[in-house]
Structures are given as structure tokens and as C-alpha cells.
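The values are calculated or read from the model by the stated rules, or taken from the named source; none is laboratory data. Bear in mind the structure is a predicted one, so any value in this text is a computation, not a measurement. Only protein heavy atoms, including side chains, enter the accessible area calculation; ligands, DNA and RNA are left aside. Shrake-Rupley method; radii C 1.70, N 1.55, O 1.52, S 1.80 Å.
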Amino acid sequence: FEGTKSTKGASKMRRDLLNAEISQLRDLLPLPSSTRQRLSQLQLMALVCVYVRKSNYFQQAMKHAPAGRAEAPNMEFLK
């Protein structure tokens, strides 16, 4: 079936799309531009994963924090 064959053009298009997504993720990291630009793709993806996990952790901590408490536990880590 011709539709399932991968061509050089299709592979390049997938790589370009992946590189564009990685570039967008790089721009979203809360780091200075000079630092972001020096990151390899692997380092970038590791930092994005850490940032997402940290964000999810604190969202869950805020949901389960006692009503009278203004901050979640370990709030200093968020900074």
C-alpha cells in the first residue's frame, strides 16, 4: 500500500514539526533566553518534564491544603 511508505520528504516534514514543537517548548521555559538557547533537545525535554511535574504537584497540593492555610507545603520549592 503506497500510503504507508515513508519518504525522505515525509521524514523531513516530521522532523521539522518535531523541531518546531521543541522550539515552542523552549520559549515557554521560565529561563533567560541565553540559557534556553544553549540547551540541547534532551536537556530541554528533561527540564520541561520537571517543570510540568512540579506544576502538577503544586496544583494538587493547593487543592488538598487546609482551608485556613494560604500556602501549600514546600512553597519555597516553587520559586
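Quick notes
- Subset tally (residues that are open to solvent by 60 Å² or more (accessible area, probe 1.4 Å) and modelled with pLDDT of 90 or more) for region 1-36: 14
- Among the residues of region 53-65, the one identified as hydrophobic (A, V, I, L, M, F, W, C) and either open to solvent by 80 Å² or more (accessible area, probe 1.4 Å) or at pLDDT 90 or above (or both) is Met62.
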